[in-house]
Structure formats: C-alpha cells, structure tokens
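What follows is a short report on a single structure.
Readers should treat all values here as calculations from the given coordinates under stated rules, not as data from a laboratory. The structure presented is a predicted model; accordingly, all values stated were derived computationally and were not measured. A quick note on method: Cβ atoms are made from the backbone with ideal geometry, for glycine too, and the neighbour counts reach across all protein chains shown.
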Amino acid sequence: MEEKKKKQQSINPLETKNDPVLCISPAKVLVLHLICGLGLASGFWAAHYFYSINLVSNPAETLRLIWIVEASVVILLYSLFRLNPDKCSYSRAVVGALLGLPAGAIVNALGAIVLGAPVGLQHFRKTVHWSLLMSVFTLVPAASVFGSSWTDWHRIFAQTKPIGPVDYMICLPAHGAVIGAWFGAWPMPLDWERSWQYGTSQLWQSIVRSASRISNTNQSWGRSEELS
Amino acid sequence: MAAIWAFWKSDTWGGRSWAFMVFLSIMVLHSLAILLFTRGFLLTRTELSQYSQCSDVFESPCFPPYDQNVNNSNRARGCWTKPAVGRLVIILLDALRFDFVAPSTFYAVKKPWMDKLQVIHELASKHPSTARIFKAIADPPTTSLQRLKGLTTGGLPTFIDVGNSFGAPAIVEDNLIHQLVQNGKRVVMMGDDTWLQLFPHHFNVSYPFPSFNVKDLHTVDDGCIKNLLPTLYKEDWDVLIAHFLGVDHAGHIFGVDSSPMIEKLEQYNEILKKVVEVLESQSSPGDLHENTMLLVMGDHGQTLNGDHGGGSAEEVETSIFALSLKKPPTSAPAAFDNSTCQLDMQGRRICFSSIQQLDFAVTVSALLGLPFPFGSIGHVNSELFALAAGTWSLEKLAIHDRQSLSELDEWMQNYVNVLCINSWQVKKYIDVYSSLSLIGFSDKDLLHVSELYAQAQELWSLTSESSVVHENESSFTLPAVKRQLEAYSAFLASVASLARSNWTEFNLKLMGIGFCIMLFSLVLHAFSIKRLDNLCGHHSPSCGNSRNSFGMIFACIAVLTRACSFLSNSYILEEGRVASFLLATTAMLQLRCAIMKKMMLLEALLFVFLLPFLRISIELAQLKQAVSSLFLKMDPLRTPGINEDSQFWMSITQFVPILALVIVGYLLYKSIGCYSCHGILKYVIVGSLSNFMLIAIYWACNSDLLNLPMVLRGLKGNLIPRIIYAVGVVQVSFLSIVLLLVRETTVNLKESTVIKVLAVLSTWSSTIIVLSGKQGPLAVLALLIGGWCIIRLMRLEQNTENKYSGSSHFYALPVTQWSLLAVCMFFSTGHWCAFDGLRYAAAFIGFDEFNLIRQAILLTIDTFGFSHIFPIFGLPFLVACYYPLRQNKRLFSMQLCQVYLMYGLITAVSVTFTILCVTIQRRHLMVWGLFAPKFVFDVVGLVLADVMICLSSLYYIV
C-alpha cells in the first residue's frame, strides 16, 4: 500500500508540471536509443575495420575509440532534451556535458578501484579509458540534460525515483551500465586463461544496457498508450 | 539437543544458560559433522621412520640368500635376495597412458596417438621371455609427487602423511633410493627436478631441469636426451633414472589428441631405439651391460584432456615395459603367465601382463638384491621377477649340479623364498604401524590378516622342515610349493586391500552422514534465529515487523554468492578478493543510501576508501602465494611496483607501524576516559596499554635504523614477547574472575557491555599484534575503522519513524559486512588457505626452541586472530552501540544472542558449501593441492568460531 501511494505521489508532479519538453513521444525515445546503440556498434565496427583492434587485443585503444564515438553521439543527442531550453542554450548543454565527462570518469574510476580494479601505472590507461566510457554511459546524459541541478541528480542517482520519460531515459541505461559492469566482473577470476574474460565487463554492460533500453522504450510506449 | 528442544518449546527467554546451551549444542553438532566427514574424506597415514637393514633378514623364518656364518663382506651376493640384475636403467615418461604403449589392436578403434612407440612392440614380440609390456595400475591420487613417493616407498601416500617433515617434501620414509644408496649402489638422475626435492642427498650425479613451466615441452626432455646416451657408456653408476616430462606437459596444454603429443611420442620412440641399441651392443658376456635391465615406465596416466590426479581408469592405467638384456637359457615358467596376447598391425604376437604400481618397489628391490623398503606393502610380481629368472637358475645349477631338480622347481623354490621374506616384511610393517600410528587399522581386519599370515607360516614350517629332513633330495614338491605361494599371495593381497581401503578410498557413507548433520545444524540455526525473532516480537511490538528489507535480501545474496563461489577452484584462489568485492558492493550501496538520506556521508566515504587498501594488501599476499603455488598465476604488474630497498621506504616501513600502534593505544586510552569503568576491567585495559609500549620498544630495538644505547640492547631477545604473553594470560584470568565473581549491578547495560568488549579485545590485541609483526597495528587500525563504519552506517537502516528496530532483518546486513570484513582481514594479513600460508615465523616470536603445543597455540592465534578472535569478541559492539538507554535487559540479551546466531550461521553456510565442494570435487586434479587445504582451514575456523561464540555468550549475555 505504501509503495503504491509513493508511486502516485511521484506521478503527480508530472501531471501538474505539464512541461512540453518532458512529454516526449515513444518514437523519439526509440530513435534516441537506436542511435546510441548504433553509435556503440559503429565504434566497435570502426575499431575492427579501420584499426583492426578489439577489446581483447588492445583494450585501451579500442575503449578510447568507442568512448570518443559514443560520447559525441550521446552528448549531441541528449543535449536536445535539456531540461529548460529557454534558459539554457544548446551549446551550453554540450559544454556542461563535456565538463561532466571527466568528472564522471573520476567517479567511475574510483568506484572501479574500490571494487577491485588494479592500481598501478601500467593499467592506468585502460582504467582511464574504461571510466571515460562508463562516464559516457552513466553521468554524461544526466549532465547534458540537467546541467548542474543537484536536486535532479540526487533524484535520479541516489533515490532512483525517475519522473517522466526523460528521467527514465537517463536513469535506466545508467543503472543498466553499472549493474552490467558489476556482473561483468564475475568471470574474471576463472582460470580459463581466456583474455576475453577481462572484456566481458563491456559485453555484460552492453547486454544489460540494451535490455534496460528496450524496457525503457516499452515503458514509454505503454505510457503514451495510457495517455491517449 | 534437549536444550534446543526446551528452548523451542518455551515461549520465554531462558537467559544466559539457555543461550549457552543453544550455542553449545550447535557446536557439538558441527564438531560431530566435521569429525565424521573428516574421517571419511581426509585419509591419513603415519610415516614411520624405521628403515630395513641388511641383517634383518636373519630374523625372518625364511632361508637367507647366504649363510650367516659365512663372511658377510661379500656384498655382491645380495642382501635379502640374490641379485638377478646388476644394473638398472629406468626411463620414466611422465603421464604415459597405457594405450601409448599397448598395440592398437587391443582397442576397438585405432586412435592417432596409438602405435607410436614401435620399438617397444618390436622388442616385446621378438623376445617374449626377456621383454614384456605390463599394464601398471597406479593408486590415486595420481599426481606426480605422490606417485614418485608411491613408486619408491612401495606404499600408498595419502594427503596427510603425518611425519617429521613439515612442509619440505623430502621423503623421510624408507624407500628404494635410500636402500640403493645404503647398499652401495650409485644412482644417477636426470630430468624432472622433483626428484631432487624428494631425495636431496641421494644421487651421485644429477642433471635436474626445472619442471615448473607447464608450457615448456622441451627443456627437461632435451636435457635428458643430452645426458642420457653419454651416461650409458659410463661405468660409474648402477642405477640410472631419466624422467621425461614432455608427454605430461603436452597433455596439459594441448590434450592427448594433438600433434605436439604425437611428435613427443615419436621423439621418445627414437630415443628408446637409440638406448636399446647402445644397451644391446654392450650386452655380450663381460661387457658393460651384460646384466642390465631396462624399465620404461609411466608414473600415472592422463585423461584425453591431459588431466590427472583422480582415480578414473584413464588416469590410473599406465605402463611398464621391462627388458632384460641377459638372455636366459630357457623361458620363464609358464605357470605364472597371466598375460593377454594379441596380434598387432604387422601380425606380430604381443602380450601384456598386469602389475600393481604398489609392487614396483619391492620387485625392483628383490631383483637388485636389496632389503625391501620398510613401509612397502607390495607383493613381488612373479612375471617381472621372472624376466631375470634364468640368471640365477644357472648359477644354482652349477653349484648343486643336481639334475633331478628341474629348472622350474628351482625357480619356484627361489620365488617362494622371496615371497616368504616379502610376507614377513609386510607383516612386520603392519604390526609396527598399528602399534605406532594414531589412527591404525581396525582390530577385526588386523585379526584376519594375522590369521592368514599364521596359516601361511604354518605351511612354510612344514615344507621347510621337510626340506631340511630331505637334505639330499628334491626339497619341494610342486603342489606343496603352489599351495605355499597361494597362501602368501592371499596374505599379501588382503594386506594390500586393507591398506587401500584405509588410505585411498573415500568413505562416502561417513562423508554423507557428516554432510547431512551439517545441513541439519544449518536448519536448526535458521530456525533458532526465526524463533528468537518471534520471541523478540513478543517483548517489543516495534521490532516484530517482518518486512523483507533490502538489507536482508542483499545479505542473503552476498552470503550465498560467496558460498557458491567455493564450488570453483578459481574462486577459492581469489577468495579474498571476492570477499572484498562483495564488501565493497555493500559499501557502495550504503554510500548511495547515505547520499539519498543525506546522513552518515563521512562514514560511508571512509568505509568505501578503506576497502582499496585492504584489497591491495590482499593482492600483496597473493604475490607471496604465487611464488610457491602451482595453481595461482599472479601478474606481478597488477600491484603497484614499490622499490622496497630504498632508504625512504625502509624508514617508512619502520615508522608507520609504530605510529599506528600509538594511534590504537591513544584510542584505547580515550575510550577508558569516556566510560567510567570499574576496578578490574580498568586494570586489564591499562595492562594492554603498557603492553603496547613494550611492543613499540621491542620493534625499536629490533630495527636497524636507530642506534640505540647499550642498555636497550639487552631487550632485543625474547624477553619482551614473553612478558607480553604472560600479561595476556594474566589479563584473561582477570577477565574470568570478573565473569565468575562480579555480578552485574550497573543499570547502564550499554556502557558495561562496551567496557567488557574493550577489555577482551585489548587483552587479545597485544598478543596478536606482536605475533603478526609490523603489519599488526595497521591491520588493527583497519579493523577498527571498518568496524566503526559498519556500526555507524547501521543508522541508515533504521526506520524512518526512528523507532528501534530489533529484528534479524535489521542486523542482517551489518553482520554480513562484519563477517566479510573478517574474511578480508584474514587474507590481507598475509594468510591464505594452504599450509604454506601459515606464518611459521610467527610461532617462534619469543621462543627459539620448538614445543609442539606452545608453538601450535601461537600459530593458531596468529592465523585466526584477525579473522576470528577480534570479529567475534567484538560483535556485541553492533548491539551495544545502538542499544537505547533504559530498555530492558532481556531484549538486550536476545539481540546479542541473535547477532551471534547470525554470525555463526554465516560461517556455517560457507563451511557447508566448502564441504559440498570437496565432496563433489574429490577426484579433481587440485583436490589435494587446493580444496583439501581450504577444507581444513574452514573446518578449523568453524570449530574455533563455535568455541568463541560459546565463550562470548557466557561472558556477554546477562
């Protein structure tokens, strides 16, 4: 009962706010996720075809390529959905996202080190690129949409109480990435001596991310049907 | 049991005695389960230090090979038996499957790796009387080290061979190599350097090559090849051992069905061809190899994937090929021929016989005329023995010149005598073993064996008497000899099967019963917690809420994940890091929660940033482990490279521990100031403070950096640690006096509990710190910070209505974190679950000479200090720090009991999974290297934890 009440409460502000930007059509959400997914895929593809490197042989270089491609896609796309377009210009949102990228990378790197990533100079580049990529997945979308609004950040990442499609659009993929990365750490200790074991983190991450993206799209679809 | 039943029945809280009874019955259940399981799983054998002597044979009822009164100096005549072979060449091919040697026609399908050792087929078909293929059946564990031990001692090595050598693998039992050296034979060894570890001082000449790198197929083999042929031409040896490793390594890396394996086999074929050529070229009478025997053999088999260690047919079936270079005038007696024959691909008739690997040592000793190794329980194999039969038949005939004696009779007579000596030696070993070992054979089995021996001996006395009477005639009649042989064989076979059942076969029934009892104890544990929850609900309505909180769910997930991870050997190796990963996950979730609720932010951050340090120290310990472990491959680059030799770093390592010690001491001092504590407890804590000062002085004295005045030099020795131990003992006795005499009068439960906990912890801390050396105070500091953070972060879970929540749901997460932190501390203080992970140096702090009980106690305190003693005695902090003032005593005691039950349950769950894991993996390659040590550590830890929980329940629960 209590939970239901809370849900109702959380839906209420959406209706009262009635912000035009917050109501995005499910088609838009789908397109956004598709493009993000395509960005990731094209990153892999470019790494494979132009540089013939992959996550197993050259993790650092591949990660760098992927995060650069994905970051440009994510920043440009998500900045379109910035919270209040009247006060905040498109370029400002992009700059905010660019600033958020290294900050998010630091947070992710610290998290990874706490969970068991190796500390040491020879692994430094891998860690840096991995955390930049994670930052692109987790914090950069929020940075481009919300700017530096602490309450929104707090709502999405600490309380996990997303309101409206934009919040879901940020919240679900970000959590998916983190959970995926967490699961990806599990095969590492196995002594199969396969180098992909260290690459699985990325694999899991993308699987869980895409799953959450699909559920996100479905959800917004369902919601739009309800409204209509 | 009765106590638990009564506890179950009653609706009221029974107080301290009830809690104690519950913990005691759980401990008894655990001990029973572990005892039964261990009896079934950990096969133990005592190594005896007796050695067979040449002169022992005169004590036997059998005919000695030469007369005692005649000059004993003539050693060439042999010791226990007449030597049939002068020189011996043993070519040991590691992991030689039987189907590498046997012709492919014995199998339904010809596989690519068969028929590669053509030289053996050729010899076996051409000279069936002097060359023969044997299928050698090894006994598990089929790992090289155990097999070499088995081959040379003629015994059945087990996981725990209780003996004098603690750690070093050198064989201290009587063995073939020792007998060779004792009797003046010169032994040359080449190949696998394991031999040098086993027999460090035995070889005249040795060419060892490192066997460590499994990926290296050629170093050992090339080294052998380079030295083998030149050595064959030399005269300065009697026994040559060449141990090739290529097949084993090729199997491990590529599997049996692979081109490197076939290349290796073809290479061996070439080498064997050359060896045989050299030997045959010099085998005419008077030449170097006139009386030489060649043995080409494997130590164990391998599966198609190249694994070995277990007891499957592929792993235990290996081969021995024997070639005697002396051509006997007649063929060996057909009466003993149990061989199976087949035509091979080229239409040659090839036969093979079977031999137990157990029989190898005694048969070779008999062939060379050596005393049989004392601990051998093998049986002189008739067919292998017969290969060299012709040699002394001739001699005997020449001496006696008695035509009436057929060669067969002569051979039989000799063989019966050898078996007589063999049986006498085995009986002697069994008698000595059962009188000396801790866990001997059962009386019934011993009686049966003795009866068989008595029967055989009776028969022997009859036949030998008749032979003495009829001195001038044929002494043995064939049927009598046959009966005699059967009697001896029956005795030896029954001894071997008795030994096998005791030393190689797991007792699955006992293991199953043990496991079931363990499961039952878990159920009981869980129900006790549930019960206590309900009881607690009666007392305070607020705590009965059974909402499945997130903390509870996550705690269950973490405990089960960790427990399930024990099913894989990789996770056991990385156990410390897995625990720190889970702990870090809980910490991150709590950090998120803290951000959400905007409270306890500092504690959460501190906790999160404490964990990387713990993990780095776990990795440093793993680096140490990787040096000696065969299984753990650690990338040295994973940890930050620190130049440990630099002056700066040296002074840091000297200074930081003392600083940490000062901080710990200061915190302790402050805490007595905070709480007004009474009499004895205060003195106990003050005692620890003075101990800390002594430790600081001790370290300062032992460091090289400070130039101390001469006065302090005197303190460098063992005095200070001994004082610290003594003070610790006095403190513990004070604490028990408090427990017995001083009845609680204080109203403030919280404060008195905190003081009690502090007193106990400080008592233990000085001893544990001095034992664990420089890392001690740092670890204590880490534990303090971690514990403090866990306690502070409990506030996050408290209900928003700020009501005191007391159900097990509330404590689930903190208790899990507490136990994970304990596991992390175990690994980060440089321990790991293997016997080389024990810090033996710690046992000798303060003492120079060895005393088993004293050193064992010190070693236990060092090993389990941080992971068991501190966390368990410190557990009441969890309750006390959140216990609101002025609540009833009962509720407090119940909470305390609840927390201890939960901690016990978490430990028991992981041990249960370890037990399950060793049961499933009992035939795994790494069972003795990895799973069994893990099992031993876990089980000892569980029993210790149970004991300490019982003590704590007596001490803390009011």
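Pop out the ³J(HN,Hα) list for segment B:808-822 in order, Karplus 6.51 cos²θ - 1.76 cosθ + 1.60 with θ = phi - 60°, rounded to Hz; leave Gly and Pro as x.
3J(HN,Hα) across segment B:808-822, in whole Hz: 5, 4, 5, 8, 4, 5, x, 5, 4, 4, 4, 6, 5, 4, 4.
DSSP beta bridges in segment B:79-398, what fraction antiparallel, as a percent rounded to 5? Let's see the in-between values first.
Working: 16 of 44 bridges.
Approximately 35 percent, going by the DSSP bridge assignments.
I'd like the Karplus ³J(HN,Hα) series for segment B:526-531: coefficients 6.51, -1.76, 1.60, θ = phi - 60°, whole numbers in Hz, and an x wherever there's a Gly or Pro.
Here the 3J(HN,Hα) series is 4, 5, 4, 4, 4, 4 Hz.
Compute the FRET efficiency between B:Leu601 and B:Arg483 as 1/(1 + (r/R0)^6), taking r as their Cβ-Cβ distance and R0 = 56 Å, and round to the nearest 0.05.
Values: r = 90 Å, r/R0 = 1.61.
So, using R0 = 56 Å, E works out to roughly 0.05.
Go through B:Lys598/B:Lys889; A:Lys87/A:Lys161; B:Lys670/B:Lys750; B:Lys111/B:Lys226; B:Lys126/B:Lys274 and tell me which ones have a Cα-Cα distance over 28 Å in this structure.
Details: B:Lys598/B:Lys889 33 Å; A:Lys87/A:Lys161 25 Å; B:Lys670/B:Lys750 17 Å; B:Lys111/B:Lys226 31 Å; B:Lys126/B:Lys274 17 Å.
Flagged as over cut-off: B:Lys598/B:Lys889; B:Lys111/B:Lys226.
For B:Lys889 and B:Ser354, compute 0.36 nm times the residue count separating them, minus their Cα-Cα distance, and round to one decimal in nm.
Numbers: separation 535, 0.36 × 535 = 192.60 nm, distance 7.45 nm.
So the chain would gain 185.2 nm between B:Lys889 and B:Ser354.
Assuming R0 = 22 Å, what is the FRET efficiency of B:Ile652 and B:Ile697, from their Cβ-Cβ distance, to the nearest 0.05? Don't jump to the answer; show the numbers that get you there.
Values: r = 20 Å, r/R0 = 0.91.
Given R0 = 22 Å and the Cβ-Cβ separation, E is 0.65.
For B:Arg615, A:Arg155, what ranking results if the residue with the fewest other Cβ atoms within 10 Å of its Cβ goes first?
On the way: B:Arg615 28, A:Arg155 19.
Ranking B:Arg615, A:Arg155 by Cβ neighbours within 10 Å, fewest first, gives A:Arg155, B:Arg615.
Between B:Glu270 and B:Phe58, what is 0.36 nm times their sequence separation minus the Cα-Cα distance? Round to one decimal in nm.
Numbers: separation 212, 0.36 × 212 = 76.32 nm, distance 4.63 nm.
Residue separation times 0.36 nm, minus the Cα-Cα distance, leaves 71.7 nm.
Quote the FRET efficiency, to the nearest 0.05, computed for A:Ala27 versus B:Ile253 with a Förster distance R0 of 35 Å and r equal to the Cβ-Cβ distance. Could you put the intermediate results ahead of the total?
Details: r = 55 Å, r/R0 = 1.57.
After rounding to 0.05, the efficiency reads 0.05.
Express in nm, to one decimal, how much length is gained between B:Glu235 and B:Leu196 on full extension, taking 0.36 nm for each residue of separation and deducting their alpha carbon distance.
On the way: separation 39, 0.36 × 39 = 14.04 nm, distance 2.24 nm.
Full-extension gain reported as 11.8 nm.
Among B:225-238, B:523-536, how do they line up by average Cβ neighbours within 10 Å per residue, starting with the highest? Please list the in-between numbers first.
Details: B:225-238: 15.1, B:523-536: 17.5.
Sorting B:225-238, B:523-536 by mean packing, highest first, produces B:523-536, B:225-238.
Label A:Leu34 and B:Val28 with points 7 Å out from Cα along Cα→Cβ: what is the distance between them in nm?
According to this spin-label approximation, the distance is 7.2 nm.
Please list 3J(HN,Hα) in residue order for segment B:414-430, calculated via the Karplus relation 6.51 cos²θ - 1.76 cosθ + 1.60 where θ = phi - 60°; whole Hz, with x for glycine and proline.
Whole-Hz 3J(HN,Hα) from phi for segment B:414-430: 4, 5, 4, 5, 4, 5, 4, 5, 4, 5, 4, 5, 5, 4, 4, 4, 4.
Treating only the Cβ atoms of Lys and Arg (+1) and Asp and Glu (-1) as charged, compute the dipole magnitude of segment B:167-241 about its Cα centre; round to the nearest 20 debye.
Working: 5 positive and 10 negative charges, 24 e Å.
The dipole magnitude comes to about 120 debye.
With each pseudo-label sitting 7 Å past Cα toward Cβ, what's the B:Ile663-B:Ala454 distance in nm, one decimal?
7.4 nm
Mind giving me the nanometre distance, one decimal, between the label points for B:Ala108 and B:Lys215, set 7 Å out from Cα along Cα→Cβ?
3.9 nm
Taking square-rooted eigenvalues a ≥ b ≥ c of the alpha carbon gyration tensor, is segment B:79-398 rounded, prolate or oblate, where a/c under 1.5 means rounded and, failing that, a/b exceeding b/c means prolate?
Details: a/c = 1.35, a/b = 1.05, b/c = 1.28.
Rounded shape, in that the Cα axes give a/c under 1.5.
Would you pull out the residues with amide H under 5 Å of B:Phe134's amide H, same chain only if 5 or more places away, H placed 1.01 Å from N?
When sequence neighbours closer than 5 places are left aside, the close amide H contacts are B:Ile320, B:Phe321, B:Ala322, B:Ser353.
Here are some pairs, B:Lys82/B:Lys428; B:Lys682/B:Lys774; B:Lys682/B:Lys756; B:Lys149/B:Lys215; which of them have Cα atoms lying more than 18 Å apart in this structure? Please list the in-between numbers first.
Working: B:Lys82/B:Lys428 21 Å; B:Lys682/B:Lys774 27 Å; B:Lys682/B:Lys756 10 Å; B:Lys149/B:Lys215 25 Å.
Those over the limit are B:Lys82/B:Lys428; B:Lys682/B:Lys774; B:Lys149/B:Lys215.
Residues with amide H under 5 Å of B:Ile241's amide H, sequence separation 5 or more or different chain, H placed in the peptide plane at 1.01 Å from N; which?
For B:Ile241, the qualifying residues are B:Ile90, B:Val188, B:Met189, B:Met190.
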